[in-house]
Amino acid sequence: MRVSSSVLAAASLLATANAAIKGFNYGAQFNNDQAKTRVDFEYEFNAAKQLPGTNGWTSARLYTMIQHGSQNTVIEAIQAAINTNTTLLLGMWASAGQQVINNEITALKAAISQYGTAFTNLVVGISVGSEDLYRITPTGIENHSGAGAQPNELVNYVQQTRAAIRGTPLEGKPIGHVDTWTVYVNASNNAVISALDFIGMDAYPYFQSTMANSIGSGSQLFFDAYHATVGAAQGKPVWVTETGWPVSGKTLNQAEPNAGNARIYWEDVTCQLVKDNVNLYYFTLQDVQYGNPVPSFGIKPAGDLLQVQPLFDLSCPASAKPSSSVSITATSRSTGLLTGTGSSTQLTPTISTTTPRTTTVPVITMPAIPRGLPEPFEEPHLIVPVDKADPSKVVGDGYTALLSPTVSTIFFYDVGPAHQGKTCTLVFHVPPPFKSSEFAPVHIRAPGGISVSRLSNQGPAEVSTIAVGNSTPVGVVPLVQAGNQFNIASAPCEAGQRVGYQVDSLYGLSMDWFQMTNPPLGLFMLVS
């Protein structure tokens, strides 16, 4: 199923009247670890500008400021960009410690000194780090992704970069961070988001192998991820810094890599992002020099980049139009918290739209509440969907809550010590209806309710031991409906403890959602 992006893309533009940025990702070396030189970068930058069926692909995202194989020599891509008038999203490698950042900053300062405004005028932004937070997640560790960085380290690196460009022609250029979309919807990384000027999002439906990820679902998965990232971005612009579909490689679940599917993804995702004026760096122009990676995402095969045709058609259909404006405003109808009754506060939506190319994802404007929830509150630090018949079997991706007659979801909260003596109320938020629930961050596929139980074993390491009799019921919501806050139960806060709750489907409910704070979506713990 194909889907377009929404007016949310307007939030992803630079503060400029110019059209959004279009470009590709460029590594510092070839697949045989040979360093790219100025000539190599010029060759690639020129090829990007001459792709048949396209125009305006004139920007390059770099991963590092350092020439491959050197300690802190300026990467030769800078001179190549000047020679070809290619704009730059600079990259600062932020994994593996402070000395690495020291070298990156040394190279950055050297580039400013060496090239002056011929260089700085081409810079559209600076990315401090690339997928560093992903690498320290369980998935990143399992995939042997290498050294990463903790959130506090990244914030420190961002501050150091700001200090390094202060008083130079780069001062005022937007500073961001690039990472997988999954880390931005994880509240433990909120401090990083707060420190940034823009959010760089990487999203590859091909790799989402725990979901239905055929090419027919690719655009839905991508725009679900985009929407979730925008919702977590604290109002910061979201740039799509990596996305694509492989032209060759292994089939992952339902995702088949081939040029035909890459064409479909280009049309459904890339073309729509371009139409919606979202800053975009596609992965990638060519990745098969000196070896054949698996999977391969390159749109150009091996050979002469200026002569060999792309592996698939890169033109965009004339019928593709910018997404329509969609807005939902919610008004509170009632207030009050009840204990253990599943009471609700209803939010009534008003929807206005114009006709889009296909179906768009709407913008939600919630009541004027800080971050959409009254402070203070706790959100889950771990979300674990499990098989009801075998709770030791995790069935989700750790970021999406799943409920059905066969699947439950477990939520873990680290209750702050400062909440000692206070009351914690478990609430379940469901936003007002979206224009198309199929493409919203919450899907209620079959009606029903939920039951919530407190687990007797609290740590995530003990998920495999959860079984009938290891939990205590705390509340029930007979019918989950959009536009409501359901108050499950209230009790003294278990300050300083990790507390787990299991949520089960009742009466046939089938539902999934991304846990979000703005708009509030999912299971939260309000503190009073």
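The values are calculated or read from the model by the stated rules, or taken from the named source; none is laboratory data. Computed from a prediction, not measured in an experiment: that's the story for all the values here. Methodologically, a virtual Cβ is constructed for each residue, glycine included, from the backbone with ideal geometry; neighbour enumeration extends over all protein chains shown.
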Given the conditions (1) under 30 Å from Tyr157 (Cα atoms); (2) more than 17 Å from the chain's Cα centre (by Cα); (3) outside any loop (DSSP other than H, G, I, E, B), report the number of the one that His227 does not fulfil.
(2)
Restricting the search to segment 23-73, which residues are of a type in the set (Val, Ile, Thr) and assigned to a loop (DSSP other than H, G, I, E, B)?
Thr37, Thr54, Thr58, Thr64, Thr73
Here is a check on your reading of the model: is Gly167 surrounded by 20 or more Cβ atoms within 10 Å (Cβ to Cβ) and either within 12 Å of Ala94 (Cβ to Cβ) or assigned by TED's automatic domain parsing to the domain that holds Thr106 (or both)?
no
Could you say whether any residue in segment 180-189 is touching a Pro at 6+ places or on another chain (Cβ under 6 Å), surrounded by fewer than 24 Cβ atoms within 10 Å (Cβ to Cβ), part of a helix (DSSP H, G or I) and not assigned by TED's automatic domain parsing to the domain that holds Trp513?
yes
Is it the case that segment 265-272 has a residue that's in a helix (DSSP H, G or I) and either in contact with a His (Cβ under 6 Å, 6 or more places away or on another chain) or farther than 30 Å from Asp197 by Cβ (or both)?
yes
Verdict on Gly200 being of a type in the set (Gly, Ala, Ser), at pLDDT 95 or above and closer than 26 Å to Val278 by Cα:
yes
Residue list for segment 236-264, filter: within 20 Å of Asp313 (Cβ to Cβ) and outside any loop (DSSP other than H, G, I, E, B)
Ser248, Ala259, Gly260, Asn261, Ala262, Arg263, Ile264
Residue hits (segment 274-314; buried (at least 19 other Cβ atoms within 10 Å of the Cβ), outside the structural domain of Gly249 (by TED's automatic domain parsing) and of a type in the set (D, E, K, R)) are Asp287, Lys300
Scan of segment 237-260 for residues that are in contact (Cβ under 8 Å) with a residue 60 or more places away in the chain and more than 20 Å from Leu88 (Cβ to Cβ), ordered by number:
Val247
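Tally the residues that are at pLDDT below 95 and over 28 Å from the mean Cα position of the chain (by Cα), restricting the search to segment 77-124.
Residues in segment 77-124 being at pLDDT below 95 and over 28 Å from the mean Cα position of the chain (by Cα): 0 in total.
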Please go through segment 50-72 and give me each residue that is closer than 30 Å to Ala318 by Cβ, crowded, with 21+ Cβ neighbours inside 10 Å and in contact with a helix residue (DSSP H, G or I) (Cβ under 8 Å, 6 or more places away or on another chain), ordered by number.
Trp57, Ala60
If we ask which residues in segment 492-519 are part of a strand (DSSP E or B) and closer than 21 Å to Gly448 by Cβ, their number turns out to be 11
